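The structure appears below as structure tokens.
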Amino acid sequence: MRCLNTKFSPFFKILRSILHVITTSIKFFMPLLPILRFPDSRLKKIATPVENIDDNIRRLARDMAETMYEAPGIGLAATQVNVHKCVIVIDASEARNELLVLINPQLVECDGVQVCEEGCLSVPGIYDKVERAEHVVVRFLDLESNEQVVEAEGLLAVCIQHEMDHLQGKVFVDHLSQLKQTRIKAKLAKQARITA
Ligand SMILES: [Zn+2]
């Protein structure tokens, strides 16, 4: 996920410009794992729970984290790299040093409302406001198969909800009006023609 919190919009606008410059200047470094792009139908697949947290899952999480940091993004779901298992990586910290790996995340509690301008590594260059819960409590397994609980609000809560949506085959643009979705598809198709 890419997210621009409206509460800090001037700061995030500057950050977005800086990130854009960085992304453009390091374009020749390809992310480790290829990221599916909306409206690829594989983004609609529903992920299945991980039954055994083995070295393959640990490698997947590590590769996803590397891909997310390099993109750069603040969250990535396995669905986006065409692996349909319930694995999410997130780092919504400013210092980029608070990696969260959520395996089989389950929403336990959610309340409140916040509207955040979201973006997505699968929907490059598109940002729009989405309404989400302000506060969430999520139960998950860590890489050592221990059950953990994360309580989040603000940007981290948005990011968790955005990535959990991916595991259900949902992209943030699915929250927007049909008219906006049609415009976004047309814009992305045009971008694909230019870069082809
Ligand atoms: Zn996303």
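Could you count how many Lys pairs in the chain have their Cα atoms under 18 Å apart, skipping same-chain pairs fewer than 8 positions apart?
Value for the chain: 15.
Excluding ARG183 itself, what net charge comes from residues whose Cβ is under 11 Å from its Cβ, given Lys and Arg +1 and Asp and Glu -1?
That sum, taken over residues with Cβ under 11 Å, equals +3.
How much length, in nm to one decimal, is gained on full extension between THR195 and LYS129, taken as 0.36 nm per residue of separation minus their Cα-Cα distance?
Taking 0.36 nm per residue and subtracting the Cα distance, the gain is 21.1 nm.
By Kyte-Doolittle mean hydropathy of at least 0.5 and Cα axial length of at least 18 Å, which whole DSSP H helices of the chain are selected?
Both cut-offs are met by 9-25, 154-167.
Are there any GluC sites (Glu not before Pro) in segment 108-147 that are in a DSSP loop and have at most 10 other Cβ atoms within 10 Å? List them by number.
Taking segment 108-147 and a limit of 10 other Cβ atoms within 10 Å, the loop GluC sites (Glu not before Pro) found are GLU144.
How big is the charge dipole of segment 63-130 about its Cα centre, in debye rounded to the nearest 20, if each Lys and Arg gets +1 on its Cβ and each Asp and Glu gets -1 on its Cβ?
Using Cβ point charges on Lys, Arg, Asp and Glu, segment 63-130 gives about 200 debye.
Scan the chain and hand back the longest stretch that contains none of the chymotrypsin sites (Phe, Trp or Tyr not before Pro) lying in DSSP loops with at most 16 other Cβ atoms within 10 Å.
Excluding the exposed sites themselves, the longest stretch runs over 30-196.
Is the chain best put as rounded, prolate or oblate by its Cα gyration tensor, with a ≥ b ≥ c the root eigenvalues, rounded for a/c under 1.5, and otherwise prolate when a/b is larger than b/c, oblate when not?
Since a/c stays below 1.5, the shape of the chain is classed as rounded.
I need the peptides 50-58, 73-81 ranked by packing, meaning the mean over residues of other C-beta atoms within 10 angstrom, with the highest value on top.
Those peptides, ordered most packed to least, come out 73-81, 50-58.
Over the Cα atoms of segment 137-196, what Rg and Dmax result, in angstrom?
In order Rg, Dmax, the Cα atoms of segment 137-196 give 16.7, 47 Å.
Taking K and R as +1 and D and E as -1, what net charge do the other residues with C-beta under 10 Å from the C-beta of LEU33 add up to?
-3
Every read-out reported here was derived from the displayed coordinates using simple, explicitly stated rules and does not represent laboratory data. Since we're looking at a predicted model, the values are computed, not measured. Using ideal geometry, Cβ is built from the backbone for each residue, glycine included, and neighbour counts are taken over all protein chains shown.
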